[in-house]
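What follows draws every value from the coordinates through simple rules; no lab data is involved. The structure displayed is predicted, hence computed values, not measured ones. Because the Cβ atoms are built from the backbone with ideal geometry, glycine has one as well, and the counts that use them run over all protein chains shown.
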Amino acid sequence: MFTDMVEEAGVAVQSNQFLVVDHDQAAVLDPGGNLGFNELLLGIGRHYPPQDLTYLIASHADPDIIASLDRWMTATKAQLVISKVWERFAPHFTKNGKTDGRVIGVPDAGGRLPLGDTELWLLPAHFLHSEGNFHFYDPVSKILFTGDLGVSIVSGEMARTPVRDIAKHIPRMVGFHERYMVSNKILRLWVNMARQLEISMLVPQHGAPIVGTAAINGFFDWIEKLMCGVDLFDQRGYMIPTSQVAGLTGRVLASRKTV
Ligand SMILES: [Fe+2]
Ligand SMILES: [Fe+2]
């Protein structure tokens, strides 16, 4: 896990990247944007020759997940593994032709991806938050990588500190989940699936891992009851705006009547 490739106190959100190695193969999960590319490549090089990476696996197609795709396609021979929903959008991150024959489009049902002597499970997590979205389960370490689910917005140092007390941690998660997750229905469907797995750790793409049975069950109990996204939006969220967005001067001008 790499937690602080992006400068602290900068404008970009803290994010985690992951390297999973099994025997002679390796995968980078959610490699990230361009900001931390060089540091991440160096970090990976301490464990595995980056040019020999087998897969880049993207939970979805957001900039903090895969905007560095062009550089990975150049620096490695890896295949990109991404939802079929994003398969033909991801090449927009690269120069012409760089992804030719190098994208594995994952169907909505997910699947088990061979890695070394084992496999990574690509679990459906659509609409949490992206329309085509997967979580990754490692059946060896029993870690479930949950992308943008279970996220807490914290510093790189806090992201390295596992959470065991879920009640204290919920305030760091609630605002993000209420706005970025799509609906309570989807959360409940996901929890029904996730409860069937033996999980040692929930590891999100931003913030701290959630560790131990009590904290993981506490997370499930909380998230399956959370109202979010379309549950919370009503007509008040869809009104013709009357106030101006701060322009170059940074001032928010008083609203004025037009027409
Ligand atoms: Fe995202
Ligand atoms: Fe993210």
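Over all projection directions, the Cα-based convex hull of the chain averages an area of 16.5 nm². Could you work out how far helix 213-223 tilts from the main Cα principal axis of the chain, as a 0 to 90 degree angle to the nearest 10? It works out to around 40 degrees.
Of Lys77/Lys185; Lys98/Lys185; Lys142/Lys225, which pairs sit farther than 31 Å apart, going by alpha carbon to alpha carbon? Walk me through the intermediate numbers first.
Values: Lys77/Lys185 39 Å; Lys98/Lys185 38 Å; Lys142/Lys225 25 Å.
The answer is Lys77/Lys185; Lys98/Lys185.
Here the spin labels are modelled as points 7 Å beyond Cα on the Cα-Cβ line, and at Thr161 and Lys95 they lie 4.4 nm apart. Going by neighbour counts of Cβ atoms within 10 Å, the residues Ser15, Ser155 line up, fewest first, as Ser155, Ser15. Calculation over all alpha carbon pairs of the range 30-156 in 5 angstrom steps from 0 returns a P(r) of 2, 10, 20, 24, 23, 16, 5, 0 percent.
For the chain, averaging the sequence separation of C-alpha pairs within contact (under 8 Å, six or more residues apart) and dividing by the residue count gives a relative contact order of 15 percent. Here the peptides 76-82, 186-192, 105-111, 56-62 are ranked by packing, the mean other Cβ count within 10 Å, and the order with the highest first is 56-62, 76-82, 186-192, 105-111.
Helical content of the chain, expressed as a calculated mean residue ellipticity at 222 nm, amounts to -6500 deg cm²/dmol (DSSP H runs of 4 or more residues, -39,500 (n - 2.57) each, divided by residue number, nearest 500).
The amide H of Asn16, built 1.01 Å from its N in the peptide plane, has His206, Gly207 as neighbours under 5 Å, considering only residues 5 or more places off or on other chains. In terms of surrounding Cβ atoms within a 10 Å radius of their Cβ, Trp121, Trp86 rank from fewest to most as Trp121, Trp86.
Between Val81 and Leu56, Ile57, Ala58, Ile104, the built amide H atoms are under 5 Å apart, and every one of these is 5 or more places off in sequence or on another chain. Computed from point charges on the beta carbon alone (+1 for Lys and Arg, -1 for Asp and Glu), the dipole magnitude for the chain about its Cα centre is near 820 Debye.
The GNM of the chain, with springs linking C-alpha atoms under 10 angstrom apart, assigns the highest mean-square fluctuation among Lys168, Lys84, Lys225 to Lys168. Of all DSSP beta bridges located in the range 18-237, what percent are antiparallel, nearest 5? Restricted to the range 18-237, the bridges split so that about 55 percent are antiparallel. Under the simplified labelling scheme, the Gln235-Lys84 pair shows an inter-label distance of 4.0 nm, with each label point 7 Å from Cα along Cα→Cβ. For Thr213 and Glu178, the FRET efficiency from 1/(1 + (r/R0)^6), where r spans their Cβ atoms and R0 equals 22 Å, is about 0.25. Here the Karplus relation 6.51 cos²θ - 1.76 cosθ + 1.60, evaluated at θ = phi - 60°, turns the backbone of the range 175-191 into coupling constants of x, 4, 5, 4, 9, 8, 7, 7, 6, 5, 4, 5, 4, 5, 4, 5, 4 Hz, with x for every Gly and Pro.
Please report Tyr48, Tyr238, Tyr55, Tyr180 as a ranked list, fewest other C-beta atoms within 10 angstrom at the top and most at the bottom. It would help to have the intermediate numbers written out before the result.
Working: Tyr48 18, Tyr238 7, Tyr55 21, Tyr180 15.
By the 10 Å Cβ count, ascending: Tyr238, Tyr180, Tyr48, Tyr55.
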